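Asks: One structure follows; several queries about it will come next.
What follows draws every value from the coordinates through simple rules; no lab data is involved. Since the model is a prediction, treat every value here as computed from it, not as a measurement. Methodologically, a virtual Cβ is constructed for each residue, glycine included, from the backbone with ideal geometry; neighbour enumeration extends over all protein chains shown.
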Amino acid sequence: MAYFATPPAASPSSATSRTADRGRSLSRMSLGSEAATCVLRLRLPPGLPVLEDTLRFVTVYAKQRYVSRVAERVGVACYELLSNALDYGRIGSDVTLELHVDHNDVSVHVSNTAIGERIDMLEKHLARLKGDPARTYEAEMTRSLSGQGARAMLGLARVCHEAGMRIDCKVEGSMVSVSATCRR
């Protein structure tokens, strides 16, 4: 396989405890009042065609653990977030995909290093999505179908509108982390 599954490691800033589940080491992150457990972490090295294989792996994983509508949402988020990270990330940088769960939610997190111009573009697009997801989806779909104007940013709009997931973004320097969350 062209990517590496790494056991989730607790980071000093976000980990609250470590627990074992069926022999796997899982990290727990504090997200608000609940603790989310990282159940899957994949580090994708640069330059390898990993999107389709990763999507198949995550889709099978999600179908084994969640009801079908949640597994479908996870698949859409995985594909779109990972595709964006691979397309818009800094050349030569790793991309990390994580799947987190807590008592109520499932989240797909994708992190990568990006250039400032792309970060600005992402933040503006997310602001439009948070303001009116349906209208943004329609505008991006129209732009995608017409092939005119700036490149369509349909992927994140699909995650919000079609999959009904909440999108969040965290930027620290040139490191971008985008997450999509839905109810279990």
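Asks: Enumerate the whole-percent occupancy of each 5 Å bin, from 0 to the last occupied one, for all C-alpha pair distances of the range 140-184.
Replies: Cα pair-distance distribution for the range 140-184, in percent: 5, 20, 19, 18, 18, 14, 5, 1.
Asks: Which FRET efficiency value, to the nearest 0.05, is calculated for Met175 and Met121 with the Förster distance at 22 angstrom and r the Cβ-Cβ distance?
Replies: Once rounded, the FRET efficiency stands at 0.85.
Asks: What ranking, highest mean first, results for peptides 37-48, 158-169 when packing means the other Cβ atoms within 10 Å averaged over each residue?
Replies: 158-169, 37-48
Asks: Here is a further query. Using θ = phi - 60° and the Karplus form 6.51 cos²θ - 1.76 cosθ + 1.60, what ³J(HN,Hα) does each residue of the range 158-173 get, whole Hz, x for Gly and Pro?
Replies: So the J values, rounded to whole Hz, are 4, 4, 6, 7, 6, 8, x, 9, 8, 9, 10, 9, 10, 10, 10, x.
Asks: Out of residues 5 or more away from Arg90 or on other chains, whose amide H comes under 5 Å of its own, with H placed 1.01 Å from N in the peptide plane?
Replies: Thr113, Ala114, Ile115
Asks: Sticking with this structure for a sec: Could you derive backbone 3J(HN,Hα) for the range 44-56 from the dihedral phi with the Karplus parameters 6.51, -1.76 and 1.60 (θ = phi - 60°), listing whole Hz in sequence and x where the residue is Gly or Pro?
Replies: Each residue of the range 44-56 in turn: 9, x, x, x, 10, x, 10, 4, 5, 5, 5, 4, 4 Hz.
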